[in-house]
1. Run Asp118 past the list (1) more than 11 Å from the chain's Cα centre (by Cα); (2) closer than 18 Å to Glu178 by Cα and report the number of the one that doesn't hold.
2. Limited to region 149-161, what total is found for residues that are assigned to a helix (DSSP H, G or I) and surrounded by fewer than 18 Cβ atoms within 10 Å (Cβ to Cβ)?
3. Pull out all pairs, ordered by first then second residue, where Cβ-Cβ is under 8 Å, the residues are six or more apart or on different chains, the first lies in region 95-122 and is closer than 23 Å to Phe65 by Cβ, and the second is away from the ligand (no atom under 16 Å from the Cβ) and assigned to a loop (DSSP other than H, G, I, E, B).
4. Those residues that are among the small types (Gly, Ala, Ser), on the phi > 0 side of the Ramachandran plot and at pLDDT below 85, I need them from region 149-185; list them, please.
5. Any residue in region 24-47 that is modelled with pLDDT under 95 and among the hydrophobic types (A, V, I, L, M, F, W, C) sitting within a Cβ distance under 7 Å of a residue that is surrounded by 12 or more Cβ atoms within 10 Å (Cβ to Cβ) and outside any helix (DSSP H, G or I)? List the pairs, counting only those 6 or more apart or interchain.
6. Taking region 160-178, which residues are touching a strand residue (DSSP E or B) at 6+ places or on another chain (Cβ under 9 Å), away from the ligand (no atom under 16 Å from the Cβ) and farther than 18 Å from Gln130 by Cβ?
7. Exactly one of these conditions fails for Gln81: (1) in a helix (DSSP H, G or I); (2) in contact with a Gly (Cβ under 8 Å, 6 or more places away or on another chain); (3) at pLDDT below 80. Give me its number.
8. Would you mind telling me which numbered condition in (1) out of contact with any Lys or Arg (no Cβ under 9 Å at 6 or more places or on another chain); (2) surrounded by fewer than 21 Cβ atoms within 10 Å (Cβ to Cβ); (3) not aromatic (Phe, Trp, Tyr) Glu116 fails?
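The values are calculated or read from the model by the stated rules, or taken from the named source; none is laboratory data. All values reported here derive from a predicted model rather than from experimental measurement. Using ideal geometry, Cβ is built from the backbone for each residue, glycine included, and neighbour counts are taken over all protein chains shown.
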Amino acid sequence: MTTSVASSEPDLSAAVPAPGQPTAAIDNGRVADLIAQLLVELGEDPAREGLIGTPDRVAAWWSGFLSPDGTATATCFTESQLSGQLVIVGGMSVWSLCEHHMLPMNLQVTAGYVPEGDVVGLSKFGRIAQHFAGRLQVQERFTRQVAEYLTGVIGREDIAVAARGVHLCMSMRGVRMEEARTTTVQTSGRFRTDPVLSQQFLTVAAGQWGAP
Ligand SMILES: [Zn+2]
């Protein structure tokens, strides 16, 4: 068995900006001013004791959130004897912001693929998910973007990505909504044509999430 690092590593930071990904540097001072204005419009006094420094902290938070680690490269290792095995990476939890309400959503992510000669470094899956979560998002697009990125990494279509989301824009609203969950699944290649493979993936994904 030989192990080597493939040379054709896609660089997340070089990826074409997708919808919701900021392309310009953020002016923290300008954002802080706007947050202070927002507080005034919401009937608050930005100069009162508890709010001093809040606009600056909010601006710094936005800056960090919108700049997730873009240096992660999805390393592939040659492992010819592992071809054909179903690989599932689950238990990944990332936070994103719903672009309709600008409120947080927590996404539990499970990704699966079938190696053919190359395996993807397992630690990279979480970085990839984090990369696409650090922007204004919708869960459906997030799931598709992670799947499409992984397709590019492994160079084939045999990819499945499932996400279960808790959206605060739903959970904070009204009675009995805090248990609401949204599930999205994006499959391609053999995960669409092979019902057994698809079912194996979904069973493991559902097991990762637990009830309900
Ligand atoms: Zn929302």
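1. (2)
2. Residues that pass the stated criteria total 1.
3. Note: pairs meeting the criteria are Ser96/Gly134.
4. To start, the set of residues in region 149-185 that are among the small types (Gly, Ala, Ser) comprises 152, 155, 160, 162-163, 165, 171, 174, 180.
Now drop any that are not on the phi > 0 side of the Ramachandran plot, which leaves 155, 174.
Of everything in region 149-185, just one residue is among the small types (Gly, Ala, Ser), on the phi > 0 side of the Ramachandran plot and at pLDDT below 85, namely Gly174.
5. Within 7 Å, the pairs are Ile26/Leu66.
6. Result: Ala160, single match.
7. So the condition that Gln81 fails would be (2).
8. Going through (1) out of contact with any Lys or Arg (no Cβ under 9 Å at 6 or more places or on another chain); (2) surrounded by fewer than 21 Cβ atoms within 10 Å (Cβ to Cβ); (3) not aromatic (Phe, Trp, Tyr) one by one, Glu116 breaks only (1).
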